[in-house]
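To keep things clear, I will list the structure first and then write my remarks on it.
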Amino acid sequence: MWCKLSSIKGHYPTRFQGPRNWVEKREVLRLVRRLPQDTRAYYAKYARENFVNYREVDPSDDAAVDELLKRTYTHSLWVLNKYSVDESAAGRLKEICSA
């Protein structure tokens with residue numbers, strides 16, 4: 001069942017869970033589309049699996065959440081550089097992870 005994001009917004013008490021996490025995941029998957037065609041499926045699956053693992057992090061631990069966001073951005077840059085994709089493509093992700 002689909003529902004408006006605003007109707008579930010209050011359900012997510014922390015800054016890492018919920019809508020912000022969706023924005024991060026969506027942005028990482030957009031970056032995956034910039035990779036060579038034959039690598040996209042691997043990195044898309046890898047990104048999804050990592051976001052599932054992030055659920056285990058204590059959302060009230062700001063230091064842990066900040067570390068995960070930093071790692072998300074750093075790893076994304078590493079993959080983009082590996083395939084010679086311009087780092088500026090990750091500008092939006094940097095904004096999200098720095099917020």
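The table below lists the values:
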quantity: Of all residues in the stretch 73-98 being outside any helix (DSSP H, G or I) and free of Cβ contacts under 8 Å to residues at least 24 places away in the same chain, the one that is nearest to Arg40 (Cα to Cα); calculated: Ser84
quantity: So Leu35, is it assigned to a loop (DSSP other than H, G, I, E, B), under 19 Å from Ala89 (Cβ atoms) and aliphatic (A, V, I, L, M); calculated: yes
quantity: So Tyr54, is it without any contact (Cβ under 8 Å) to a residue 40 or more places away in the chain and among the hydroxyl-bearing types (Ser, Thr, Tyr); calculated: yes
quantity: Within the stretch 53-89, considering residues that are under 11 Å from the mean Cα position of the chain (by Cα) and of a type in the set (A, V, I, L, M, F, W, C), the one surrounded by the fewest Cβ atoms within 10 Å (Cβ to Cβ); calculated: Leu68
quantity: Long-range neighbours under 7 Å by Cβ, at least six apart or interchain, first residue closer than 14 Å to Lys94 by Cβ and in contact (Cβ under 8 Å) with a residue 40 or more places away in the chain within the stretch 59-72, second of a type outside the set (Lys, Arg) and part of a helix (DSSP H, G or I); calculated: Leu69/Cys97; Thr72/Glu24; Thr72/Val28; Thr72/Cys97
quantity: Qualifying residue in the stretch 32-40 (condition: at pLDDT below 85, in contact with a helix residue (DSSP H, G or I) (Cβ under 8 Å, 6 or more places away or on another chain) and surrounded by 11 or more Cβ atoms within 10 Å (Cβ to Cβ)); calculated: no
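The values are calculated or read from the model by the stated rules, or taken from the named source; none is laboratory data. Quick caveat, the model's predicted, so the values are computed rather than measured. Reconstructed Cβ throughout: ideal geometry from the backbone, glycine too, with neighbour counts over all protein chains shown.
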